[in-house]
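The values are calculated or read from the model by the stated rules, or taken from the named source; none is laboratory data. The shown structure was predicted, so the numbers you read here are calculated from the model rather than taken from an experiment. Every residue, glycine as well, gets a Cβ built from its backbone with ideal geometry; the counts of neighbours run over all protein chains shown.
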Amino acid sequence: MKKRLPLILLLLLTTSVFAQRKSELFAEIDTLKSRISQVEQELAKAKREISSSSAEAEALRAENVSLRDANATLLGNLSNFSELSKQNSENVNKAMAALARKEKQLSGINDMISANDSTAIVSLTRIKQTLGENAKVAVEGGVIVISNSLNGLFGSDTATELTEEGKTWLAGVANVIKGNPNFKTEIQGLNITGEFGPTFNQVVSVASELVTNLEIPAERIAVSAKDGNFKEGVNIRLQPDYKGFYAQAKESAKAAQ
């Protein structure tokens, strides 16, 4: 019995130690399971965060691509706008240059018109000095008109032979014509009866006196007869050389281009 007691004690001690060790192992297993569960939770959380980050990265990549496309489109539009603006600027400059040329042309023509008007006014003053202050002289549309009645020229409204008074008046007119070599002369008869034959004969008598006796070149004189609209008489019309004027205006326009 005494021999068995130590063996029993050893067995009890071994059993006790084994039971304690088993309990510790179970506790350690529970701890490990808890850690594994925690690690799995953290792993799942990390996966979710990775997945979310991947989705955000994909969204950012797509947005970046869209922004690059939009930026390229914007740059293209800016380039087109710049080119269009350049073309518009060139067109405006061309239009302004053309306008400046037109203004220069018009300015030259206006200067010539003003010069002609000034010449007519100066000539009007000189004509009155030549024919006298009582002479019937006017300017109509740039044309100087010297008027006389049929009685003053012929002694009656039907006669065709000039009176001495009429010849004296025409001598003064001849001096005016000679003093204005750049003006063309038209002898215009005004009639109120509608019978233009006698009126034309009177105009021819005036022209004949100017050419034959007063030495006015025939090519400088034109004759006409027209309805006087309740007025009769003879008008000596001195008008600028419009053909020469337009030729000068044309040359001025060419020079301004």
key: Number of positions in region 174-227 that are in contact (Cβ under 8 Å) with a residue 60 or more places away in the chain and part of a helix (DSSP H, G or I)   = 2
inquiry  = For region 204-236: of the residues being among the β-branched types (Val, Ile, Thr) and surrounded by 14 or more Cβ atoms within 10 Å (Cβ to Cβ), which is nearest to residue 144 (Cα to Cα)?
reply    = 236
task = Kindly indicate which of 62, 44, 135, 95 is modelled with pLDDT under 75 and surrounded by 10 or more Cβ atoms within 10 Å (Cβ to Cβ).
result = 95
